[in-house]
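Engineer: I have a structure here, written as structure tokens, and I will follow up with some questions on it.
The values are calculated or read from the model by the stated rules, or taken from the named source; none is laboratory data. Computed from a prediction, not measured in an experiment: that's the story for all the values here. Protein only, heavy atoms only, side chains kept; ligands, DNA and RNA dropped before computing areas. Shrake-Rupley method; radii C 1.70, N 1.55, O 1.52, S 1.80 Å.
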Amino acid sequence: MKIRALLLIAVMIMGTYAMIQLFLGYDKKEVTKVLGVTESPFSLLTFSEPSLSGAAPKIWNVDDASEIESLLEFLQDYHVRKLKPNKINRVDNIDQFKINLTDKNGNNFSIVVNEDLIIQNSSLYYEVVDGPIDVDWIVQFIISNKI
């Protein structure tokens, strides 16, 4: 009987811990913590511009370390929150500007530029919570890096 009671208490403690961890996952975090960077390990920026005529989107790469650092400095001023699965629109037929950050190991972070800046890390999605974002800066950044 005592063993059952101890097992029940252990299960309750583990369940409470899991619920707390799940709740904390949706707290706002700095973008740099989500990206996992203290210094820039990223080696490549890939820009994707939607096409207007239904053709393939225009894609170009930038490997300039100063431009990558500039983007990371801009993003460090913002906080993001993980999106709950029911708020993620996985079927999105609207083409949008995308900026992909790729590190030396091939890991990829996508930044979708729309009314809310969305950052995607494999299957996790984050949105900016302390916006609105400086759209003028992002537009200027995309234009200045356009090939």
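Engineer: Taking the conditions exactly as written (under 17 Å from the mean Cα position of the chain (by Cα), on the phi > 0 side of the Ramachandran plot and modelled with pLDDT under 80), does Gly54 satisfy them or not?
Structural biologist: no
Engineer: Follow-up. Mind checking which residues of the stretch 2-43 are at pLDDT 80 or above and open to solvent by 100 Å² or more (accessible area, probe 1.4 Å)?
Structural biologist: Within the stretch 2-43, Lys2, Ile3, Arg4, Leu6, Leu7, Leu8, Met12, Ile13, Met14, Tyr17 qualify.
Conditions (1) under 13 Å from Leu75 (Cα atoms); (2) modelled with pLDDT of 75 or more; (3) in a loop (DSSP other than H, G, I, E, B); (4) under 13 Å from the mean Cα position of the chain (by Cα), marked per residue:
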position	(1), (2), (3), (4)
Glu115	no, no, yes, no
Tyr125	no, yes, no, yes
Trp137	yes, yes, no, no
Lys146	no, yes, yes, no
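Engineer: Pick out the one residue from Asn100, Asn89, Asn105, Asn61 that is over 24 Å from Phe141 (Cα atoms) and at pLDDT 75 or above.
Structural biologist: Every option except Asn105 fails the conditions.
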